[in-house]
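The values are calculated or read from the model by the stated rules, or taken from the named source; none is laboratory data. Being a predicted model, the structure only gives us computed values, none of them experimental. Note: areas computed on protein heavy atoms with side chains; ligands, DNA, RNA excluded. Shrake-Rupley method; radii C 1.70, N 1.55, O 1.52, S 1.80 Å.
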Amino acid sequence: MAALENVKAQAIATADEIGRGTRKTMHSAQGATEEVWSDAGSRAKNLRSKAVVYMHEQPLNTFIVAVETVFLLSLILLFFRLRRR
């Protein structure tokens with residue numbers, strides 16, 4: 001009976017140790033995820049501000065890129081529509 005209690009106590013101790021390790025790993029992963037998310041957000045804001053400055057400095061180029069984009073998207077949609085039939 002004492003051997004069974006000893007095994008039970010060891011199993012509980014092992015489960016507690018695994019739980020602590022898992023919580024520590026999850027906490028570290030959460031911190032890393034928050035850091036990456038924050039970095040991505042600041043990079044996106046930086047890119048957006050650069051794009052706004054470029055659009056104000058180069059309005060003709062911006063217009064040309066917009067027209068080309070619409071044209072290419074139209075061609076892609078037309079291609080897929082014709083393939084469906």
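Computing the accessible area with a 1.4 Å probe over protein heavy atoms, can you report the carbon and sulfur percentage for the chain? Present the calculation step by step, with values, prior to reporting the outcome.
On the way: 5400 of 8200 Å².
Accessible surface attributable to carbon and sulfur in the chain totals 66 percent.
In deg cm²/dmol and to the nearest 500, what is the mean residue ellipticity at 222 nm of the chain if only DSSP H runs of at least 4 residues count, each as -39500 (n - 2.57), divided by the residue total? It would help to have the intermediate numbers written out before the result.
Details: 2 runs with 82 residues, N = 85.
The helix contribution divided over the chain gives -35500 deg cm²/dmol.
Which semi-axis lengths, in whole Å and largest first, follow from the square roots of five times the eigenvalues of the Cα gyration tensor of the chain?
Values: eigenvalues 713, 118, 3 Å².
Semi-axes (√(5λ), whole Å): 60, 24, 4.
Given a 1.4 angstrom probe, what's the average accessible area per residue across the chain, in square angstrom?
About 97 Å² of surface per residue is accessible.
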